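One structure below.
The values are calculated or read from the model by the stated rules, or taken from the named source; none is laboratory data. The model shown is predicted, which means the values in this text are computed figures rather than measured ones. Heads up, the Cβs are rebuilt from the backbone with ideal geometry, glycines too, and the neighbour counts pull from every protein chain shown. These accessible areas exclude ligands, DNA and RNA; they are computed on the full protein's heavy atoms, side chains included. Shrake-Rupley method; radii C 1.70, N 1.55, O 1.52, S 1.80 Å.
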Amino acid sequence: DLALLKSVIIQNVNPKGLAVLNADDTHCVEMARRSPGPVMFFSTQTDSKIIAVHRAQGRPTCSLVGEPGKQQIRLSMDGVDHLFALKDIPVTENGLFDFQVGNVMCAIAACVKLQVPTEVIADALKHFDSDAQSVPGRFNRFNHKGGMVIADYGHNPDAIAALVKTLAKVPAETRRIVLSA
């Protein structure tokens, strides 16, 4: 029901616009057929079949290329590939925070569609910090007594699951998660 409700946005994409949809989510893949404009799929999976097919058809895609630790985001649109190294995008922690990689992919897609120069996009990503001043409550990291504290407004089960999955990848001697409602 929620996916159907959110698809109203996709149904209203300008025919000259761009619907940016997550190829890793079956609900989003289904939404693509509702878009009156072109669709760009993005995926944080390097082996996404949906990305491979979409790209082979000459349609816009955004995906990861390269080996872990040296990965890049490759956005392909209008026959041009734009590459952005994850190591140069601090908010992704060199790809460790895959949900942030997905967020960055969406931001890059929007900017490229709006014809923002690649250098401007790369510079903005290099200097963006998900801190309490910029985006309060959205994966804000603080150092405290030799440890890392993350504050996030995880407002639904998927957000909490993504946070827990992400934190499981962070090297740590101990982990404590406090959930509050």
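Data overview
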| quantity | calculated |
| --- | --- |
| Carbon/sulfur fraction of accessible area - the range 130-181, other protein chains in place, 1.4 Å, % | 56 |
| Sum of side-chain charges, A52 neighbourhood, beta-carbon under 14 Å (Lys, Arg +1; Asp, Glu -1) | +2 |
| Loop trypsin sites (Lys or Arg not before Pro), the range 37-135, which have at most 13 other Cβ atoms in a 10 Å radius of their Cβ (DSSP) | K70 |
| Whole-number percent relative contact order across the chain, with pairs defined as alpha carbons under 8 Å at least 6 apart | 12 |
| Dipole magnitude of the chain about its Cα centre (Cβ charges: Lys, Arg +1; Asp, Glu -1), debye to nearest 20 | 160 |
| Summed side-chain charge close to V112 - residues other than V112 whose Cβ falls under 11 Å, Lys, Arg +1, Asp, Glu -1 | -1 |
| Karplus (6.51, -1.76, 1.60) ³J(HN,Hα), θ = phi - 60°, over the range 166-175, in Hz, Gly and Pro reported as x | 5, 5, 5, 8, 7, x, 7, 7, 9, 9 |
| Net charge over other residues, Cβ less than 14 angstrom from the Cβ of G154 (K, R count +1; D, E count -1) | 0 |
| Residue-wise HN-Hα coupling along the range 55-70, computed from phi with Karplus coefficients 6.51, -1.76, 1.60 (Hz; x: Gly, Pro) | 5, 4, 7, x, 8, x, 9, 9, 8, 8, 10, x, 8, x, x, 10 |
| Of all DSSP beta bridges in the chain, antiparallel share, percent nearest 5 | 75 |
| Per residue accessible area in Å² of the range 1-92, where ligands, DNA and RNA are left out and the probe is 1.4 Å | 58 |
| Average Cα contact separation per residue, the range 85-181, under 8 Å, 6 or more apart, as relative contact order % | 22 |
